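Enquirer: One structure coming up, written as structure tokens, with questions to follow.
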Amino acid sequence: MPTFPKEFPTMALTVSLVVLAGIAVVILIRTGYLRIWPALAAVLFGFTLASTGIAPAITSGISSIAGMLSSIG
């Protein structure tokens, strides 16, 4: 049985979260609830926020919420 590094679950969660958020944005744009320019502004804000010092706190918070949700189910 292969052993995965400790980072593997977080990476899988991050990829899943990105795919889920991407699908939600595409659906919102196609249905007209979200316009292209505000969506682009939000993406640029996300990239900018990811390069700041608060990014580790955000990642930790998302991991904590995911851990709580996984313990429920």
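Laboratory data are not the source of any read-out in this text; all were calculated from the coordinates shown. It should be emphasised that the depicted structure is a prediction, and the values quoted were computed from it without experimental measurement. A quick note on method: Cβ atoms are made from the backbone with ideal geometry, for glycine too, and the neighbour counts reach across all protein chains shown.
Enquirer: Name the pairs whose Cβ atoms lie under 9 Å apart, with the first residue in segment 22-41 and on the phi < 0 side of the Ramachandran plot, the second assigned to a loop (DSSP other than H, G, I, E, B) and among the basic types (K, R), and 6 or more positions between them or separate chains?
Expert: From segment 22-41, the pairs are I29/R35.
Enquirer: In addition: For segment 28-73, how many residues meet the condition of being outside any helix (DSSP H, G or I) and under 17 Å from L17 (Cβ atoms)?
Expert: So the answer is 1.
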